1. R0 = 30 Å: FRET efficiency of F35 with K90, Cβ-based, nearest 0.05?
2. If you take every residue apart from T80 with its C-beta less than 11 Å away from the C-beta of T80, what net charge results, scoring Lys and Arg +1 and Asp and Glu -1?
3. Could you tell me which of L53, A32, G98 has its Cα farthest along the dipole of the chain towards the positive end, charges placed at Cβ (Lys, Arg +1; Asp, Glu -1), taken about the Cα centre?
4. Looking only at Cβ-Cβ distances, which cysteines of the chain have no other cysteine closer than 4.7 Å?
5. Determine the dipole magnitude for the chain: charges of +1 sit on the beta-carbon of Lys and Arg, -1 on that of Asp and Glu, nothing else is charged, the reference point is the Cα centre, and the result goes in debye to the nearest 20.
6. By the scheme Lys and Arg +1, Asp and Glu -1, what is the net charge of all other residues having a beta-carbon under 11 Å from that of A109?
7. Rounded to the nearest 0.05, what FRET efficiency is calculated for N73 and V123 with R0 set to 41 Å and r the Cβ-Cβ distance?
8. Please give the length that would be gained between A100 and E28 if that part of the chain were fully extended, namely 0.36 nm times their separation in residues minus their C-alpha to C-alpha distance (nm, one decimal).
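Derivation of every value follows stated rules applied to the coordinates shown; laboratory data play no part. It should be emphasised that the depicted structure is a prediction, and the values quoted were computed from it without experimental measurement. As a convention, Cβ positions derive from the backbone with ideal geometry for all residues, glycine included, and neighbour counts pool all protein chains shown.
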Amino acid sequence: MSAAVVLAVVVGAAAAKGELTGDPKAGETIYARCFACHALAYNRTGPKHCGLLGRRAGSVAGFQYSAAMKRANWVWNKQTLDRFLADPLKTVPGTTMGYAGVKDRQERADLIAYIEQAGHSEVCRAR
């Protein structure tokens, strides 16, 4: 099967589920908003994002999470990250992440695509 056909099947399946296809390049621009507190490879005010997808919430060694985030009982994936980014304070009441969220669905999809792509980057592989 050609790469174009595979891409069409994947995009079609995502559209059928109501998922948006994210653009990592656009997501990189959106990530600039996150950089006030986060970085890919190291902890800042917020935890690092390398390895975020597939990681249990509240589990970066050495990072001081809120009690609410420590109690969050999920693994970060595209769906949990989308829900959290839409409204962090509602999704995890008591979180210390004082950000109102990314309200636009396409911006969230773009941001998640960037975080996913960056997780495979040299910056993250070196950590």
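1. 0.80
2. After counting each charged neighbour, the total is +3.
3. My answer, from the dipole projection, is G98.
4. Unpaired cysteines in the chain: C34, C37.
5. For the chain, the charge dipole is close to 500 debye.
6. Residues near A109 contribute -4 overall.
7. My answer for the efficiency is 0.90.
8. 24.0 nm
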